[in-house]
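Worksheet: the structure to be examined is printed underneath.
Throughout, read-outs are computed from the coordinates displayed, never taken from laboratory work. Worth saying up front: this structure is predicted, and the values here are computed from it rather than measured. Cβ: placed from backbone, ideal geometry, glycine included. Neighbour counts: every protein chain shown.
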Amino acid sequence: MAELKSYAVWDRSTRWFHWINFLCVVALTAVGLAILYGDAIDLTNAGKIALKTLHVWIGYVFALNLLWRLAWGFIGNVHARWRAVLPVGAGYFSSLAGYVRATLAGAPPHYIGRSPASRLAATVLILVLIVQAVTGLVLAGTDVFMPPFGSWIAGWIAAPGVDPATLVPYAPEMYDKAAFEAMRAFRKPFVNVHLWNFYALMGLVVAHVTAVIAVELKGGGIIGAMFTGRKVLPGRPVDE
Ligand code: HEM
């Protein structure tokens, strides 16, 4: 039996990002599904407004946490940096091929930081999260007039003589009909991307959890590391 050794890997910021992101995605998914099936569950307009407002407030936490992680990629420890996350650099593709071959043979090599496969997975996940955050922030302005674009949208659709600052959601009598229709057409692609990207994210979450469990069962020590910051590994890691 190989001797177990413990290595420092995930710094405090990276761990906090991971678990705050996890909680936000769970909460945003739950509230998002209630918005999506609002008609099926007979939501009133007041109920829709409350759910959208709640979704946006959680969304701000999610977006700020994500922004912090993007910045941390420039200032965090060596394993948090973009150089260690993005699937780039000399020899990346041959190391990925080697990792996949060894994994298919039932013996994935251990890494202190990310394996080549997990770099690819992390990059795709972060890109999908960015798309969800950006489309969500645009949508936050369109129905409930929340920042960052809410006051611009309110100014666009307010009926003549109505002060945009007094506009309330779901009050068509306060809106200019043509401007409102134009705004709905503008927002349509954002709703579509937010929804289809959500489906993609759900697929990635399933793949992520499955891969984490598979690596853990092969002795990769990755679940404990996201709590303690340290990986406990048998034998010598590839990137020691
Ligand atoms: C992982 C993150 C997120 C997930 C999983 C998620 C999920 C969803 C889902 C499933 C819907 C229903 C889609 C529909 O009605 O067609 C939705 C709607 C919405 N989301 Fe998100 N969302 C996320 C992030 C955000 C963020 C960061 C914001 C803004 C701060 C946001 C703002 C909105 C708004 C305003 C709607 C209502 C769209 C409408 O009026 O139909 N979302 N979200």
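A Förster radius of 35 Å, combined with the Cβ-Cβ distance separating VAL193 from HIS18, puts the computed FRET efficiency at roughly 0.90.
With 0.36 nm allotted per residue and the present C-alpha distance subtracted, the MET202-LEU36 stretch has 58.3 nm of extension available. Working from label points 7 Å from Cα in the Cα-to-Cβ sense, the LEU86 to THR53 distance is 4.1 nm. A simple spin-label model places the labels of VAL162 and LEU96 5.1 nm from each other, with each point 7 Å out along Cα-to-Cβ. Packing around the peptides 183-189, 62-68, taken as the average count of other Cβ atoms within 10 Å per residue, puts them in this order, highest first: 62-68, 183-189. The stretch between PHE186 and LYS5, if pulled fully straight at 0.36 nm per residue, gains 59.6 nm over its current Cα-Cα span.
Show that you can apply the helix-only estimate: for the chain, add -39,500 (n - 2.57) for every DSSP H stretch of four or more residues, divide by all residues, and state [θ] at 222 nm to the nearest 500.
Calculated mean residue ellipticity at 222 nm is -22500 deg cm²/dmol.
Share of pairwise Cα-Cα distances greater than 34 Å in the chain is 31 percent (whole percent).
Measuring nothing but how far apart in sequence close Cα pairs (under 8 Å, 6+ apart) lie, relative to its length, the chain scores a relative contact order of 28 percent. Among the chymotrypsin sites (Phe, Trp or Tyr not before Pro) within the stretch 1-59, those in coil by DSSP and having at most 16 neighbouring Cβ atoms inside 10 Å are TYR37. Comparing THR166, THR210, THR123 in a Gaussian network model of the chain where C-alpha atoms under 10 Å apart are linked, the largest mean-square fluctuation is found at THR166.
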